[in-house]
Amino acid sequence: MALTKEKKQNIVKDLEEKIEKQKAIVFMDFSGTKVKKLTNLRKKLKEENNELKVAKKTLMDIAFKNRKMAVETKNLNGEIGLVFGYENELSPAKIVYQFLKTNPNVKIAGGYIENRFYGSEDIIRFAELPGREQLLANLVGSLSAPMSNLVSVMSGNLRKLVIALSQIKK
């Protein structure tokens, strides 16, 4: 069933609105993936305030051009879906990467983060980064390590003194 001009304009308008709100976009090739698996992916994405949108590449290109973004989906192979991240820049990449591990048909085709297009290798590297909470925990651990080591060294001398005094008492 061919899309009417009015439907195409509505799709482009919807894409433009989503592009305006996004913090990151991940382009994924979902060729050969079953609808049920894509539905599960949509649910996971929605839980993290992300969204998967599928449209024709020409309509995507029009929406990107209208928003003055230097992205061309014509260069991307396969059936392309756009995963929009509205709160976190890395969240869509992480979720798609996890989905990719269990679905070999899915491929990351690239991504658009902070007004820059990245290739699939870069997006995969971003997805493999630890989460914000993990990075903050590592930072706190690194900052507190010297202090805890100093306390341990200082208390070690007191412990040795107490042991020596208890030995003399016996």
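The values are calculated or read from the model by the stated rules, or taken from the named source; none is laboratory data. Everything quoted here is computed from the prediction, not taken from an experiment. Positions of Cβ are backbone-derived with ideal geometry, glycine not excepted, and every protein chain shown enters the neighbour counts.
Give me the residue from the range 1-30 that is in a loop (DSSP other than H, G, I, E, B) and surrounded by 13 or more Cβ atoms within 10 Å (Cβ to Cβ) and, out of that set, farthest from the chain's Cα centre (by Cα). Quick ask: steps written out before the conclusion?
Of the range 1-30, the ones in a loop (DSSP other than H, G, I, E, B) are 1-4, 22-23, 30.
Going one step further and asking which of them are surrounded by 13 or more Cβ atoms within 10 Å (Cβ to Cβ), we end up with 3, 22-23, 30.
Details: LEU3: 32, GLN22: 12, LYS23: 10, PHE30: 17 Å.
So the residue we want is LEU3.
When you scan the range 29-64, how many residues do you find that are among the small types (Gly, Ala, Ser) and modelled with pLDDT of 90 or more?
Within the range 29-64, residues that are among the small types (Gly, Ala, Ser) and modelled with pLDDT of 90 or more number 0.
Please return the ranges of strands (runs of 3 or more DSSP E) entirely within the range 65-140 where 3 or more residues are modelled with pLDDT of 85 or more and not basic (Lys, Arg).
Where strands (runs of 3 or more DSSP E) fall fully within the range 65-140 and carry at least 3 residues being modelled with pLDDT of 85 or more and not basic (Lys, Arg), they are 80-85, 107-113.
Between GLU114, GLU89, which is in contact (Cβ under 8 Å) with a residue 24 or more places away in the chain and loosely packed, with under 10 Cβ neighbours inside 10 Å?
Criteria check complete, one pass: GLU114.
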